[in-house]
Amino acid sequence: MINLEVPRKLTTLVDQARQAAMAFLRPNSRKYDQAEHTYPKELDTLASLLDGLSASGGGAGAGGVRRSSGKASTANLSLVLGTMEMCWGDAGLLLSMPRQGLGNAAIASVASEEQLARYKGKWAAMAITEPDTGSDSGAIRTTAVRDGDHYVLNGEKIFVTSGERADCVVVWATLDRSLGKAAIKSFVVDRDTPGFELVRLEHKLGIRASDTAHFRLDNCRVPAENLLGSPEIKPDQGFAGVMQTFDNTRPLVAAMAVGITRAALEETRRLLTEAGVTIDYDRPANTQHAAAATFLEMEADYEAMYLLTLQAAWMADNRKPNSLQASYAKAKAGRSATAITLRCVELAGSIGYTEHELLEKWSRDAKIMDIFEGTQQIQQLIIARRLLGKTSAQLK
Ligand SMILES: Cc1cc2nc3c(=O)[nH]c(=O)nc-3n(C[C@H](O)[C@H](O)[C@H](O)COP(=O)(O)OP(=O)(O)OC[C@H]3O[C@@H](n4cnc5c(N)ncnc54)[C@H](O)[C@@H]3O)c2cc1C
């Protein structure tokens, strides 16, 4: 039976993540929101601390968890719980954390044992999106052509989180466009590989501490052993290999949304209390101050996104297929984080809109949680397909 209590053995990890968020992330939140594209050097100390947490089976960040055939674990749960705490501190800074990139989650998901050992300790970003392809990731155009013991990559990748700062980027490319999604493979490309050119960094609405890069791959030669997993094209398995990554990363993005939302709710509660508004859990919401009633409604929504996120992680830890639950969590958390943080700005009045508080920042940061790793609409599409038993060709 599913148990959504935080296991006692993880409470120390959650406490440590909270302490780290309080000491390193929250105090630097505004600084790196304003100093976009400046590397947050304070993170180097914290990254070493996180490496320690990861080595002990816990952690926070997008590092990802390997799904082996072994016994149930709490690895995914500890990762989402740690991520919630860190994003309570600052989501943009967490996304800038060395060795915790989305590419690390891809490596954890699909790499062979030998590759896993080879990329240990590397910081890996993830490049799926292209100028003509975002949501429809099966339609990517970047090509990989075998040439002796190398693959030659050509194409363009945009919106690569941590692309400038990471050691390497996991690039999705197709071995043969005529063979459809099954021919899409992921390749680890070292940042200093000739032909892998940084075009520019984006200026963004939120998570401004995190760098977002645009790359061009121009006859970029990558050793054949950098193809993650098997080079074999298995049409019957379709997209299965690379899509496993999303089962790992969507609960993490949901966890990021949970962390930001909790930060905004806590701050709003403080401001409401200061303004003399009492939130009473023993009285019906419709008999209370309108702000208190709104707050209770937002907390109920928060609880739902939190529990759905734990469910998706728990299922992965217990070796159960979690694609549907990962999309439930991502859809609910992305949408609620966006709505709640904006409503917190509203409840706080004009101060919520100013830089005196972090509320306006959290409302900007939250929006990306409903976009990357599959937008709100795409999560709903995936959920509908799974519930109705339709294929991607039948329901677009
Ligand atoms: C800050 C930031 C960081 C990012 N980091 C990364 C990263 O590290 N790696 C990476 O590969 N990508 C990254 N992305 C890209 C992100 O994953 C894409 O932006 C996202 O997948 C949407 O793709 P798109 O922007 O091309 O929008 P589109 O796919 O063009 O979609 C536009 C709109 O149409 C909707 N839509 C699309 N198809 C359908 C449909 N079938 N039914 C209903 N509605 C639909 C979408 O939901 C969206 O609202 C990042 C983006 C941002 C902004």
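Some notes on this structure:
For every residue, the table says whether it meets (1) within 20 Å of Ala125 (Cα to Cα); (2) β-branched (Val, Ile, Thr); (3) at pLDDT below 90; (4) surrounded by 13 or more Cβ atoms within 10 Å (Cβ to Cβ).
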{"position": "Val6", "(1), (2), (3), (4)": "no, yes, yes, yes"}
{"position": "Val14", "(1), (2), (3), (4)": "no, yes, no, yes"}
{"position": "Ala17", "(1), (2), (3), (4)": "no, no, no, yes"}
{"position": "Ser29", "(1), (2), (3), (4)": "no, no, no, yes"}
{"position": "Gln34", "(1), (2), (3), (4)": "no, no, no, no"}
{"position": "Leu77", "(1), (2), (3), (4)": "no, no, no, yes"}
{"position": "Leu81", "(1), (2), (3), (4)": "no, no, no, yes"}
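- Cβ-Cβ contacts under 7 Å between residues 6 or more apart (or on different chains), taken from a first residue in the stretch 376-396 that is touching a residue at least 40 places away in the same chain (Cβ under 8 Å) to a second residue that is of a type in the set (A, V, I, L, M, F, W, C), are listed as Gln376/Ala331; Gln379/Ala331; Gln380/Ala331; Ile383/Leu324; Ile383/Ala331; Arg386/Leu324.
- Inspection of the stretch 156-176 identifies no residue that is on the phi > 0 side of the Ramachandran plot and more than 10 Å from the ligand (Cβ to nearest atom).
- Test: residue in the stretch 18-36 that is among the charged types (D, E, K, R) and not in a helix (DSSP H, G or I): yes
- Every pair of residues 6+ apart whose Cβ atoms lie under 6 Å, when the first sits in the stretch 114-128 and is in contact (Cβ under 8 Å) with a residue 60 or more places away in the chain and hydroxyl-bearing (Ser, Thr, Tyr) while the second is within 16 Å of the ligand (Cβ to nearest atom) and open to solvent by less than 50 Å² (accessible area, probe 1.4 Å): Tyr119/Ile107
- Lys330 vs. criteria touching a Gly at 6+ places or on another chain (Cβ under 7 Å) and open to solvent by less than 10 Å² (accessible area, probe 1.4 Å): yes
- Hits in the stretch 105-139 - residues which are within 16 Å of the ligand (Cβ to nearest atom), part of a loop (DSSP other than H, G, I, E, B) and hydroxyl-bearing (Ser, Thr, Tyr): Thr129, Ser135
- Residues in the stretch 339-386 that are within 12 Å of the ligand (Cβ to nearest atom) and at positive phi: Glu373, Gly374.
- Only listed residue being crowded, with 16+ Cβ neighbours inside 10 Å and within 18 Å of the chain's Cα centre (by Cα), chosen from Arg385, Arg343, Arg364: Arg364
The values are calculated or read from the model by the stated rules, or taken from the named source; none is laboratory data. For clarity, every value in this text was computed on a predicted model and none was experimentally measured. We place every Cβ from the backbone using ideal geometry, glycine too, and count neighbours over all the protein chains shown. Protein only, heavy atoms only, side chains kept; ligands, DNA and RNA dropped before computing areas. Shrake-Rupley method; radii C 1.70, N 1.55, O 1.52, S 1.80 Å.
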